[in-house]
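The values are calculated or read from the model by the stated rules, or taken from the named source; none is laboratory data. Everything quoted here is computed from the prediction, not taken from an experiment. All Cβ positions, even for glycine, are placed from backbone atoms using ideal geometry, and neighbour counts span all protein chains on display. In case anyone asks, the SASA skips ligands and DNA or RNA and just uses the protein heavy atoms, side chains included. Shrake-Rupley method; radii C 1.70, N 1.55, O 1.52, S 1.80 Å.
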There are 2 protein chains.
Amino acid sequence: MDETTDELMEATYVALCEHGYAALRMKDIAEETSKSKATLHYHYDTKVELLYAFLEYLYERFERRVDEIDGETATERLVALVDLFLTPRREETGEEFQTAILEIKAQGPYDERFREQLRQFDRLLLDRFEVIVEDGQESGEFDADVDPAPMAEFVVTLLNGAQTRTVAVGRPTGRTGEEFAEYVVDLLRAEVPEEVSSP
Amino acid sequence: MDETTDELMEATYVALCEHGYAALRMKDIAEETSKSKATLHYHYDTKVELLYAFLEYLYERFERRVDEIDGETATERLVALVDLFLTPRREETGEEFQTAILEIKAQGPYDERFREQLRQFDRLLLDRFEVIVEDGQESGEFDADVDPAPMAEFVVTLLNGAQTRTVAVGRPTGRTGEEFAEYVVDLLRAEVPEEVSSP
């Protein structure tokens, strides 16, 4: 990723937070850079092309941050991944950014390329949660009877809901982290082995 | 609700499914009615005014359907309420309608009146789920240690996520119903009382 791309992507982030997806114009993005609108058009034909590149850029950064997650136990890694997803990269523009992303999600049925990019995020999260659940089962931390794939779907659905409610009704995303800790970890927790008793 | 209002609301539903929220024009709605665009403007100044009325109309119908829910047990009522929320009113336009609603949710931060209307739906669901959890605790069906209000928040967050993922990545909403049955009912189920044993 060269310096110009990096600058354009950062400018897209700022302009998207300020104007939202629907109202965003190439001009708004150019205004956040040292470049002219013509330079912007030299790199990207249209606003939508630029946003495809932006989602790709976001995905690469998100994947890197996901891969950096560590934690002694599967429970710690689970909670860290939820926190990573729910915590805005920049506190001051968190809600604006989530709103723009929700607008892009609403483009899913109309734009196959956006949908494919959104599926990339979805699959990354599903895959990582599934691995964490499996790890926790191997270590004896999590209940071996839980099926990892549907549990991962459940968690990803919950995270999507947290983002949506933040935007729609203004519910703080952090509250979902707390609910998550309470309920999902409860569902996963390995039962303390019962003493062998007569049937 | 008079006949004209009813016709205009149905036309709004159809036009919203066809065009989405952002692209929708008063003209598109008028075309779905026997009325002229002038008549439409006589009743509602702008598209946004009409959509406020439409959300109010949806809310009244949704509240009626929620109040009609019955079921012998709290578990049955819980599952019925989830199904009601996740099952589109009209199968053939389910995804289009959810998409338009997601677009409106993304207006939450920009439009206080939309946000207040969205909160009405949110509160109705929270309230009804809370009552069902309490009922189940009274009847001994559900674990008395579960706190009804955060559990209701958890369920409503999950339902929001199911709708969002349907739109964003095309995941069938019905799958959330199955996950729900498995996990949430699991969290709520009253433990079979253990035999009293020495500490």
Given points 7 Å out from each Cα along the Cα-Cβ axis, report the A:GLU91 to A:HIS41 separation in nanometres with one decimal. 4.1
For q = 0.12 Å⁻¹, Debye-computed log10 I/I(0) when each Cα of the protein assembly as shown counts as one equal scatterer: -1.01
With respect to the axis carrying A onto B, what is the closest chain A residue by Cβ position, and how many angstrom separate it from the axis? A:GLY161, 1
Diagonalise the Cα gyration tensor of the range A:114-153 and give the resulting equivalent ellipsoid semi-axes, square root of 5 times each eigenvalue, largest first, whole Å. 25, 9, 4
Where the convex hull is taken over the Cα atoms of the range A:41-199, what is its projected area averaged over directions, in nm²? 12.0
Once the label point is set 7 Å along the Cα-to-beta-carbon vector, what list of distances in nm do you get between A:VAL131 and its counterparts in the other copies? 4.6
Going Cα to Cα from A:LYS37, which aspartates and glutamates come in below 19 Å? Please leave out same-chain ones fewer than 8 positions away. A:ASP2, A:GLU3, A:ASP6, A:GLU7, A:GLU10, A:GLU18, A:ASP28, A:ASP45, A:GLU49
Taking the Cα centre of the range B:3-126 as the origin and placing charges on Cβ (Lys, Arg +1; Asp, Glu -1), which of B:GLY94, B:THR4, B:TYR42 is farthest toward the positive end of the dipole? B:TYR42
Between the label point of B:GLU178 and that of the same position in each other copy, find the distances and list them shortest first in nm, with every label point placed 7 Å from Cα along the Cα-to-C-beta direction. 3.4
Could you work out the pair-distance distribution P(r) of the range B:1-84 from its alpha-carbon pairs, with 5 angstrom bin width and percents rounded to whole numbers? 3, 14, 22, 19, 12, 9, 9, 7, 4, 2, 0
Once both axes come from the Cα atoms, what is the angle between helix A:3-23 and the longest principal axis of chain A, in degrees from 0 to 90, rounded to 10? 80
Which value, in Å², gives the accessible area per residue of the protein assembly as shown when a 1.4 Å probe is used on the protein heavy atoms? 48
Residues whose modelled amide H sits under 5 Å from the amide H of B:PHE142, counting only those 5 or more places away in sequence or on another chain, are B:GLN137, B:ALA190
Label distances, nm, A:GLU116 versus same residue in remaining copies, Cβ-directed 7 Å point: 4.5
Here the alpha-carbon Rg of the range A:36-126 over 2.2 N^0.38 Å rounds to 1.26
Which loop GluC sites (Glu not before Pro) in the range B:34-105, with loop taken from DSSP, have no more than 13 other Cβ atoms within 10 angstrom of their Cβ? B:GLU68, B:GLU72
